[in-house]
1. Counting only residues that are open to solvent by 50 Å² or more (accessible area, probe 1.4 Å) and of a type in the set (Lys, Arg), which one in the range 519-540 is modelled with the highest pLDDT?
2. Could you give every pair whose Cβ atoms fall below 8 Å, whose first residue belongs to the range 294-318 and is of a type in the set (Val, Ile, Thr), and whose second residue is at pLDDT below 95, counting only separations of at least 6 or pairs across chains?
3. Within the range 438-448, which residues are assigned to a strand (DSSP E or B) and open to solvent by less than 10 Å² (accessible area, probe 1.4 Å)?
4. Pick from the range 398-413 the residues that are open to solvent by less than 20 Å² (accessible area, probe 1.4 Å) and farther than 15 Å from residue 190 by Cβ: which of them is nearest to the chain's Cα centre (by Cα)?
5. Considering only the range 221-229, I want to know if a residue exists there that is in contact (Cβ under 8 Å) with a residue 24 or more places away in the chain and within 15 Å of ligand 1 (Cβ to nearest atom).
6. Hey, can you tell me all the residues within the range 32-59 that are over 30 Å from residue 3 (Cβ atoms) and either open to solvent by 50 Å² or more (accessible area, probe 1.4 Å) or touching a Cys at 6+ places or on another chain (Cβ under 9 Å) (or both)?
7. Testing residue 416 on (1) outside the structural domain of residue 444 (by TED's automatic domain parsing); (2) within 16 Å of ligand 1 (Cβ to nearest atom), one condition comes back false. Which one is that?
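The values are calculated or read from the model by the stated rules, or taken from the named source; none is laboratory data. All values reported here derive from a predicted model rather than from experimental measurement. All Cβ positions, even for glycine, are placed from backbone atoms using ideal geometry, and neighbour counts span all protein chains on display. Calculation scope for accessible area: heavy atoms of the full protein, side chains included, ligands and nucleic acids excluded. Shrake-Rupley method; radii C 1.70, N 1.55, O 1.52, S 1.80 Å.
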Amino acid sequence: MKMSNLFMPTIRELPSDAEVTSHILMLRAAMIRQVTSGSYCYLPLGYRVLRKVEQVIREEMDKSGALELHMPALLSSDLFRESGRWDVFGASMFKLKDRNDRDMCLGPTHEELFTDLVRSWIHSYKNLPITLYQIQTKFRDEPRPRYGVIRSKEFIMKDAYSFDVDEEGLDISYNKMYKAYCAAFDRLGLKYMIVDADSGAMGGSGSQEYMVLSPIGEDDIVYCDKCRYAANVEKATFKTPVVPEQVEEQTMEKIYTPGFHTIAQISEFLKVEANQVVKTLIYLADGKPVAAMLRGDRDLNELKFQNFLGCADLIMADPYTVRDVTHSEVGYAGPVGLEVPIYADTELRGMQNMVVGANETDYHLRGVNLVRDYNVTEFVEIRKAISGDACPVCGEPMQLTKGVEVGHIFKLGRKYTEALNCTYTTADGKEDTPIMGCYGIGVTRVVAAIIEQSYDDDGIIWPKIVAPYHAVIVGLGKPESEEMRISEDIYTRLVDAGVEALYDDRNERAGVKFKDADLIGIPVRLTVGRKAKDGIVELKYRNSKDVRELPIEEAIKEIKAYVKQD
Ligand code: ATP
Ligand code: MG
């Protein structure tokens, strides 16, 4: 491709919401263009990258035995009503009506569609197992679209669904996907971590996420360097803390703490450590008030708490409920005399002489002790894991990091096959429901994740496998000059040899050409300058500072070999 013909509308003014590197570089390098909030157009260079990322994923899926098909994005409400998800998706689903007033939506995910397809076709256990997939556009009305294509309202996902006769079969299908994902992300050059993930209160027996480690990640991950345990903080567990040695119980006393209701204020006022102050949080679990107790310096893991309670809905109680339950203003809740179920974090087991809210506005209690002063319904691990927590497997201190979720594999169970009445006949003639797995990769998000891990001050550094072009030939000379004639000749020879080459034939200064080549991240640059008349050109790889002079023939040979090698 000659750059004089390339459609590359690089922009000067970045939109104010472009905060992260990948978003900034994708805009500056004319890979994408924002159309509206959370929706992007892929420009020619970006689209080449996207198609290559898709292709790597497709090849690994195909190798695993999964079969590709393509579903519509415009869906009727029927199947979602059958599964019960029409209402569950709430505002995140784009809903619309057709001209006959029928409810339609733009698919946020396709479990129902694949289950419907499979139920229309399977009769017998002989039809199973099967794994189907597609690479297709998804729509989610994200409350906070941001970071460019990392979280957009319209994005491309590779979604796969496996159907098996039993758990053992599901394990096999799941492992195939696990391996296929590793192979795809390895080939794409991503540094990732596979973490245990939450599989939800509503069934599902196991789930893992592929996280690309990055400070901009929206997911917190804990991991152990020693034994490789890694989990999303939402799911993470840790070694149960040892019960502290018991000391003498103090007498309980009520203290006037006017207007002090944050942990910091209380610990400062009473001159005690924040870990001696225990907070009591009032929640509504499917509308019923419950209390969660944890150390003042800890955070509640709401998802874990919800999973433990098995409720569909868990929200922090409104001030009205808090007043009703604690007989005080918000900020003074405590366990003594509280008449709702109390779930205490496992860390509180054996904790003595604590400071808690008094269930009376402007008062706290100190010297509070379990059994004598209050009781708990159950001790549950409900606090969020933090750096330094003991690994649940080997006990070593764990570390905290951030990740961008690029893929998710999930043992889904029979939720959808049961809801949609998808059945088959077993070997002994009975009727049974297949067990499902579902597996997603955020294809467009992967493009951004690659950049987040591979750039420098000058621009993107594409790994060769997804680079929009392999090589750029920079001709430095006036139009019609000897340099440009030689450049064009080298370009033609490389293209003929199957190299995806760009030829910068524009009548621009050398600086502009080099800057653009760096910005758009082409892996290898061949510069044809003054010495070209003597048969010498310059070769430079994007990921290195070295510039080498070498004879034209050798440069061509090296580029050809570079493109071929894995
Ligand atoms: P997230 O927690 O980031 O919202 P999710 O868990 O809801 O994602 P899944 O339903 O597991 O997403 O979808 C599979 C994959 O699709 C995710 O791993 C992610 O890579 C990608 N993805 C999800 N939502 C978006 C989005 N709004 N924009 C771009 N990619 C997305
Ligand atoms: Mg997910």
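1. 531
2. Correct list of pairs: empty, since none qualify.
3. Looking only at the range 438-448, we keep the residues that are assigned to a strand (DSSP E or B), and these are 438-442.
Residues satisfying the conditions are 439, 441.
4. Of all residues in the range 398-413, those open to solvent by less than 20 Å² (accessible area, probe 1.4 Å) come to 398, 403-404, 406-407, 409, 412-413.
Narrowing further to those that are farther than 15 Å from residue 190 by Cβ: 398, 409, 412-413.
Values: 398: 21, 409: 12, 412: 18, 413: 22 Å.
The residue in question is 409.
5. Quick first cut of the range 221-229, residues in contact (Cβ under 8 Å) with a residue 24 or more places away in the chain only: 221-227, 229.
This time we only want the ones that are within 15 Å of ligand 1 (Cβ to nearest atom), so: 221.
The answer is yes, given that some residue of the range 221-229 is in contact (Cβ under 8 Å) with a residue 24 or more places away in the chain and within 15 Å of ligand 1 (Cβ to nearest atom).
6. Start the filter on the range 32-59 by keeping residues that are over 30 Å from residue 3 (Cβ atoms), which leaves 37-38.
If the condition is that a residue be over 30 Å from residue 3 (Cβ atoms) and either open to solvent by 50 Å² or more (accessible area, probe 1.4 Å) or touching a Cys at 6+ places or on another chain (Cβ under 9 Å) (or both), then 37 is the only one that fits.
7. So residue 416 meets the others, but not (1).
Rundown of residues vs (1) farther than 29 Å from residue 387 by Cβ; (2) buried (at least 16 other Cβ atoms within 10 Å of the Cβ), yes/no style:
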site: 272; (1), (2): no, yes
site: 276; (1), (2): no, yes
site: 280; (1), (2): no, yes
site: 284; (1), (2): yes, yes
site: 287; (1), (2): yes, no
site: 291; (1), (2): no, yes
site: 296; (1), (2): no, yes
site: 306; (1), (2): no, yes
site: 310; (1), (2): yes, no
